[in-house]
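One structure is given here, and the rest of the page talks about it.
The values are calculated or read from the model by the stated rules, or taken from the named source; none is laboratory data. Note that the structure is a prediction, hence the values are computed from the model and not measured. Cβ sites come from the backbone with ideal geometry, for glycine too, and all protein chains shown count toward neighbours.
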Amino acid sequence: MTFRTESRIAIAATVPEVWAYMCDVGRWHEWAPTVIECRVRGGGPLEPGARLDQRAKGILGTSRTRSQEVTTVDEPRHVAFAGPLGTSRARWGMELEPLGDDRTDALMWIEVDLAGRRYVEDRATTSVVAGSRSREVSFTEHWTFALDGPPAQPWRLTAAGAPLAQA
């Protein structure tokens, strides 16, 4: 099952200005809260097929490396990537639209394919309420993010729905 989350923000800059900033992957640490550093592998341009290598924040002050493939570059409006997110496959991207008055609507979206052994258990009886202990199932979770946190970590989780398991 795939889940998708979107968040948007109006930026006080033109689409070409936002595009240039967004495509400067060496500056992603300035606006992406989990990115410590990022580069295009081999120093090439940001284009479909290129790989982005990142060092990202982990838990308890650790860091980890990750890599995504650039899948779409539609200058100056849309860029998209694909790569692992934990043990799941994920895609994410950013889309820009002019709002007028030198402002830009920036949409960021993330899609994650989820599958695995997931079940909900009654704590009193240990009987399985949903899902399966022994076989892989698909499930859907609904997450809502807001882009209104402090500058050090602007994305925050505002709501999460219970998992809905499907056989």
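Per the listing 75, 6, the residue uniquely loosely packed, with under 15 Cβ neighbours inside 10 Å and touching a helix residue (DSSP H, G or I) at 6+ places or on another chain (Cβ under 8 Å) is 75.
Here residue 13 does not qualify as surrounded by 12 or more Cβ atoms within 10 Å (Cβ to Cβ) and without any contact (Cβ under 8 Å) to a residue 24 or more places away in the chain.
If you go through region 48-64 and keep only what is exposed (fewer than 11 other Cβ atoms within 10 Å of the Cβ) and either at positive phi or at pLDDT 85 or above (or both), you end up with 49, 60, 61, 62. If you go through region 21-45 and pick out every residue that is part of a helix (DSSP H, G or I) and either surrounded by fewer than 13 Cβ atoms within 10 Å (Cβ to Cβ) or of a type outside the set (A, V, I, L, M, F, W, C) (or both), you end up with 8. Is it the case that region 46-53 has a residue that's part of a strand (DSSP E or B), among the hydrophobic types (A, V, I, L, M, F, W, C) and in contact (Cβ under 8 Å) with a residue 40 or more places away in the chain? No, every residue in region 46-53 fails to be part of a strand (DSSP E or B), among the hydrophobic types (A, V, I, L, M, F, W, C) and in contact (Cβ under 8 Å) with a residue 40 or more places away in the chain.
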